[in-house]
Amino acid sequence: MENMVNVFLFGKKYSVPENLTIMRAMEYAGYQLVRGCGCRNGFCGACATIYRIKGDRDLKACLACQTKVEDNMYIATLPFFPLVKQVYDMDKVAPTQQIMMQLYPEIYACIGCNACTKACTQDLNVMQYIAYAQRGDFEKCAEESFDCVMCGVCSSRCPAGISHPQVAMLARRINGKYLAPKCDHLENRVQEINDGTFKELIEALMQKPIDEMKELYNTREIEK
Amino acid sequence: MYSEKFTDSIKAVEAARAKNIAYEPARMTAQEKEDLLKAYHPDYKETEFAELKIGPNKGERVPHELCATLQANSRINPSDIDLSKIDYDVDVLVIGGGGAGASAAIEAHEAGANVMVVTKLRMGDANTMMAEGGIQAADKENDSPAIHFVDAFGGGHFAAKRELLRKLVCDAPEAISWLSDLGVEFDKDKDGNMITTHGGGTSRKRMHAAKDYSGAEIMRTLRDEVLNRQIPVVDFTAAIELILDENGNASGAVLVNMETEEIMVARAKTVIIATGGAGRMHYQGFPTSNHYGATADGLVLGYRAGAKLLYAETLQYHPTGAAYPEQIFGALVTEKVRSLGAKLVNAKGEVFMHPLETRDVSAASIIRECGDRGNGVDTGNGQGIWLDTPMIEAIGGEGTIEKRIPAMMRMFGKYGIDIRKEPILIYPTLHYQNGGLDITEDCMTTNVENLFVAGEAVGGIHGRNRLMGNSLLDIIVFGRSAGKNAAAKAKDVKVGALTLDHVNAFANERKAAGITTDEVSPKLLPDYRNK
Ligand SMILES: Cc1cc2nc3c(=O)[nH]c(=O)nc-3n(C[C@H](O)[C@H](O)[C@H](O)COP(=O)(O)OP(=O)(O)OC[C@H]3O[C@@H](n4cnc5c(N)ncnc54)[C@H](O)[C@@H]3O)c2cc1C
Ligand code: SF4
Ligand code: SF4
Ligand code: FES
């Protein structure tokens with residue numbers, strides 16, 4: 001017999017097996033999920049959820065697909081949070097501090113309360129990455145925010161109304177496009193292909209009988 | 001945290017670790033692989049397949065669950081749909097908001113088309129978001145598109161359509177360059193050289209990655225670009241039937257709002273199916289690594305409208321799905337774990353195969369080890385094999401795991417398993433739909449005009465098995481191409497009178513074949529209620 005615990009989904013009590021995730025517990029209770037369920041494995045940020053264990057002062061946040069139920073857990077899903085996403089042309093933004101000032105000026109109103117970091121479902125140092133963004137240190141902001149699943153929980157807790165995941169998204173794109181070192185071997189290869197360098201080789205493969213292709217495959221040299 | 005029952009086996013793994021690290025297991029011969037697959041790979045399990053009785057692939061065998069959904073009833077009664085009341089009227093309609101759909105939308109927009117995306121969940125709630133390992137491209141000195149071609153062709157059992165594969169490998173470096181230019185952060189060294197690794201079946205290290213969030217990094221960047229271009233995205237809206245015009249050309253789709261169930265009509269000059277895979281069909285009862293909406297919808301839409309499927313009977317079972325703990329049963333353990341040096345070890349602490357055979361061979365070998373050979377570990381929820389992750393730190397140095405596979409560390413860490421110090425238990429999981437709609441090099445289906453397909457919904461690019469890293473690649477290469485071609489084609493399309501006659505015709509065929517079923521399709525979402 002499975003051990004059961006009591007959970008309160010939007011305040012209503014259900015008895016569910018203790019080894020389930022919050023997401024599975026909702027289904028066990030009879031919910032057919034549409035909103036609030038995407039990848040089911042911690043990558044998409046669709047399943048942001050807030051909860052409180054009865055008697056605790058702390059309000060906690062998590063991803064429903066990644067978190068086990070506990071006894072007396074009061075659960076509310078947060079499948080959507082109104083983030084602000086500014087529209088910009090990547091070819092025209094420049095990797096300078098001004099761009100943050102222009103697009104997301106509210107980051108400069110951060111009061112340093114650290115509520116975002118405490119709430120982050122991925123345990124990221126959110127306040128820190130916002131501080132990097134303020135300084136226009138996009139590389140560090142990108143690094144610090146890399147594992148962000150854009151669930152929006154941090155923003156739901158922020159007194160300054162910052163849309164953290166969108167700020168980080170801009171920083172990562174700027175870093176990837178403008179600041180990361182250029183890749184020469186990639187550019188060369190694209191050029192070679194455009195010049196038709198491999199055309200003959202490939203065309204030969206297009207014609208080769210299957211037996212010869214097998215021979216080629218089975219005897220190919222494999223890089224150590 | 002591992003309970004006591006695993007202690008003995010873990011000890012055996014630890015005791016053999018140093019020896020196992022040094023040991024270089026032989027690769028299987030072509031003959032050994034063939035015999036192994038025939039005996040143990042799920043694709044060869046005759047009793048799990050049924051013959052299609054109707055539709056363009058009549059007479060061919062596909063998994064029971066796919067057969068049922070392809071031959072099921074439509075969700076609509078065509079006579080209830082008012083095709084003169086058009087809710088959306090566009091040049092290019094993209095169905096599916098994953099990586100293929102987003103790439104297609106961006107390129108169609110770039111070409112000046114009026115393009116719109118409909119997607120079942122949110123944009124990015126998709127298999128693309130979950131890809132961990134990486135994306136292939138032959139861009140290093142010691143590599144070439146021709147070598148990439150041979151690897152992929154052999155890995156797919158010499159069944160790929162060569163003109164599709166040629167396009168995949170030749171456009172690969174340009175695809176990486178396009179992504180970089182959009183701001184995707186690939187792992188690079190300080191000089192800008194890509195840090196690349198092997199994947200199962202590759203003969204050169206050509207796996208590019210963004211840590212083990214490769215797909216997420218690509219997907220969120222593409223999504224951001226779609227939003228920056230202000231391309232309309234209609235989310236929580238599924239396509240449930242294609243609309244043709246009087247000439248039999250694809251001309252739009254019937255849509256349903258997933259929450260309100262409102263039905264809508266979208267008219268378009270060209271349509272792109274980018275609905276992804278089918279893991280949530282749980283073929284043969286396997287768990288899956290796929291996202292919630294992976295239910296083969298695109299195959300159903302296309303099939304009813306007369307488009308042909310290719311290799312729909314071949315599925316990819318990823319060798320390393322999580323077998324323990326139960327909360328993550330079936331979730332993917334990226335192949336990169338093996339690329340970085342972890343080996344597969346049985347209950348007795350023995351390395352029983354080369355860790356980087358192709359996926360189908362690896363999966364079959366694990367099934368054999370747990371089954372007939374009886375060397376699996378009892379997980380309480382089935383069988384599993386050890387993947388000895390601490391080897392990675394021993395080989396690559398302390399910190400390698402945190403730096404290169406943080407998502408894996410986090411996934412197991414949540415359940416008290418520190419993969420830097422403890423091995424993990426794995427078993428094959430349903431991962432990828434190798435087959436799909438049959439297309440030509442321009443991404444249009446072979447027999448329905450103006451119907452384009454890109455991504456996992458396509459069949460034939462990889463043949464009967466796909467190498468890691470070639471799917472993220474195909475969604476970019478073919479997604480972009482579908483977008484460009486659909487936009488170009490839309491320029492001279494005059495849409496005729498809209499019709500759903502093909503839905504009626506298919507129903508008649510069903511009746512004539514004596515098929516009676518209450519099932520409706522596309523399935524849209526699995527039902528896990530009360531389970
Ligand atoms: C866990 C995991 C790890 C992977 N790792 C790798 C890797 O390392 N390298 C690699 O190359 N490949 C990898 N793959 C495979 C690769 O990620 C996918 O094959 C690829 O991303 C599919 O892209 P897509 O755009 O075709 O489909 P998806 O990204 O799945 O997008 C399909 C979209 O269509 C929507 N949709 C479905 N049906 C409908 C409908 N009826 N109406 C409207 N919308 C609909 C879906 O909700 C979804 O948004 C991995 C896959 C998984 C699941
Ligand atoms: S930083 Fe914010 S949006 Fe990103 S994962 Fe953490 S809580 Fe979610
Ligand atoms: S919650 Fe908002 S105000 Fe508080 S530290 Fe985070 S960003 Fe600053
Ligand atoms: S469903 Fe994607 S993170 Fe939980």
Under a Gaussian network model of chain A whose springs join Cα atoms within less than 10 Å, the largest fluctuation of A:Val153, A:Val93, A:Val34 belongs to A:Val34
For chain B, longest principal axis from Cα atoms; helix B:501-512 axis from its Cα atoms; angle between them, nearest 10 degrees, is 70
Chain B, convex hull of Cα, quarter of hull surface, nm² -> 23.8
Two pseudo-spin positions, 7 Å from Cα along C-beta at B:Glu14 and at B:Asn381, lie apart in nanometres by 2.5
log10 I(q)/I(0) for the range B:199-246, Debye formula on C-alpha points only (no solvent), q = 0.13, 0.14, 0.24, 0.32 Å⁻¹, two decimals, reads -0.62, -0.67, -0.95, -1.12
Between the Cα axis of helix B:145-155 and the main Cα principal axis of chain B, the angle (0 to 90°, nearest 10) is 80
Rg from C-alpha atoms of chain A, normalised by the globular rule of thumb 2.2 N^0.38 Å, equals 1.43
Expected vector for the range A:66-78, Karplus 3J(HN,Hα) from phi with 6.51, -1.76, 1.60 and θ = phi - 60°, integer Hz, x for Gly and Pro, equals 10, 10, 6, 5, 10, 5, 6, 8, 9, 10, 9, 7, 10
Note on the range A:97-179: alpha-carbon gyration tensor, axes a ≥ b ≥ c; rule is a/c under 1.5 for rounded, else prolate if a/b larger than b/c, else oblate; result oblate
One would report the Cα pair-distance distribution of the range B:144-183, bin width 10 Å, in %, as 31, 44, 21, 3
Taking a straight Cα-to-Cα line shorter than 25 Å from B:Lys421, and setting aside same-chain lysines fewer than 8 residues away, one finds A:Lys68, B:Lys5, B:Lys11, B:Lys19, B:Lys211, B:Lys336, B:Lys343, B:Lys348, B:Lys403
Binned at 10 Å starting from 0, the alpha-carbon pair-distance distribution of the range A:4-77 in whole percents comes out as 22, 58, 19, 0
For the range A:45-61, Karplus-derived ³J(HN,Hα) couplings (6.51, -1.76, 1.60; θ = phi - 60°; whole Hz; x for glycine and proline) come out as x, 6, 10, 3, 9, 10, 8, 9, 7, 3, x, 7, 7, 5, 9, 10, 10
Per DSSP loop assignment and a cutoff of at most 16 other beta carbons within 10 Å, chain A keeps its longest run without exposed GluC sites (Glu not before Pro) at A:71-220
The answer for trypsin sites (Lys or Arg not before Pro) in the range B:280-352 that fall in a DSSP coil and have at most 14 neighbouring Cβ atoms within 10 Å is B:Lys348
Cα extents of the range B:265-400 per principal axis, largest first, Å, are 59, 36, 28
In terms of the charge dipole of the range A:97-179, which places +1 on Lys and Arg and -1 on Asp and Glu at the beta carbon, the residue among A:Cys141, A:Leu170, A:Ala131 farthest towards the positive end is A:Leu170
Taking r as the C-beta separation of A:Lys140 and A:Ile53 and R0 as 25 Å, the FRET efficiency to the nearest 0.05 is 0.10
Pseudo-spin-label distance B:Thr260 to A:Thr219, built 7 Å along Cα→Cβ, given in nm, is 6.7
By accessible area (1.4 Å), largest first, B:Arg359, B:Arg162, B:Arg420 order as B:Arg420, B:Arg162, B:Arg359
Under the 7 Å Cα-to-Cβ spin-label approximation, A:Gln97 and B:Glu449 lie apart by a distance in nanometres of 6.1
Cα-Cα pairs in the protein assembly as shown separated by more than 42 Å, as a whole percent of all pairs, come to 25
Per GNM of chain A with C-alpha springs under 10 angstrom, the most fluctuating residue out of A:Met90, A:Met206, A:Met73 is A:Met206
Looking only at aspartates and glutamates whose Cα falls under 15 Å of A:Lys13's and that sit 8 or more positions away or on another chain, we get A:Glu27, A:Glu70, A:Asp71
FRET efficiency (A:Ala204, B:Glu246; Cβ distance; R0 30 Å; to 0.05) is 0.10
Only helices counted: for chain B, with every DSSP H run of 4 or more residues adding -39500 (n - 2.57) and the sum spread over all residues, [θ] at 222 nm is -9500 deg cm²/dmol
So, relative contact order of chain A in percent, Cα under 8 Å, 6 or more apart, is 16
With all protein chains present and a 1.4 Å probe, the order of B:Trp386, B:Trp178 from largest accessible area down is B:Trp178, B:Trp386
Longest principal axis of chain B (C-alpha) makes with the long axis of helix B:470-490 (C-alpha) an angle, in degrees to the nearest 10, of 10
Scalar couplings 3J(HN,Hα) for the range B:119-133 by Karplus 6.51 cos²θ - 1.76 cosθ + 1.60 (θ = phi - 60°), nearest whole Hz, x for Gly and Pro, are 8, 5, 10, 8, 4, x, 7, 6, 4, 4, 4, 9, 4, 10, x
Any residue on another chain or 5+ positions along whose placed amide H is under 5 Å from the amide H of B:Gly200 is listed here as B:Met468
Dividing the mean separation of Cα pairs under 8 Å (6+ apart) by the residue count of the range B:1-151 yields a relative contact order in percent of 12
For the range B:1-76, the Debye formula with one identical point scatterer on each Cα and no solvent gives log10 I(q)/I(0) at q = 0.19, 0.26, 0.27 Å⁻¹ as -0.90, -1.09, -1.11
With a 1.4 Å probe and ligands and nucleic acids left out, the total accessible area lost when B pairs with A, in Å² to the nearest 100, equals 7100
In nm², the average projected area of the convex hull spanned by the Cα atoms of the range B:458-513 is 6.6
So the compactness index of the range B:413-531, its C-alpha Rg divided by 2.2 N^0.38 Å, takes the value 1.54
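The values are calculated or read from the model by the stated rules, or taken from the named source; none is laboratory data. Given the structure is predicted, the values throughout are model-derived calculations rather than measurements. Methodologically, a virtual Cβ is constructed for each residue, glycine included, from the backbone with ideal geometry; neighbour enumeration extends over all protein chains shown. Side chains are part of the model used for accessible areas, which takes the heavy atoms of the whole protein and leaves out ligands, DNA and RNA. Shrake-Rupley method; radii C 1.70, N 1.55, O 1.52, S 1.80 Å.
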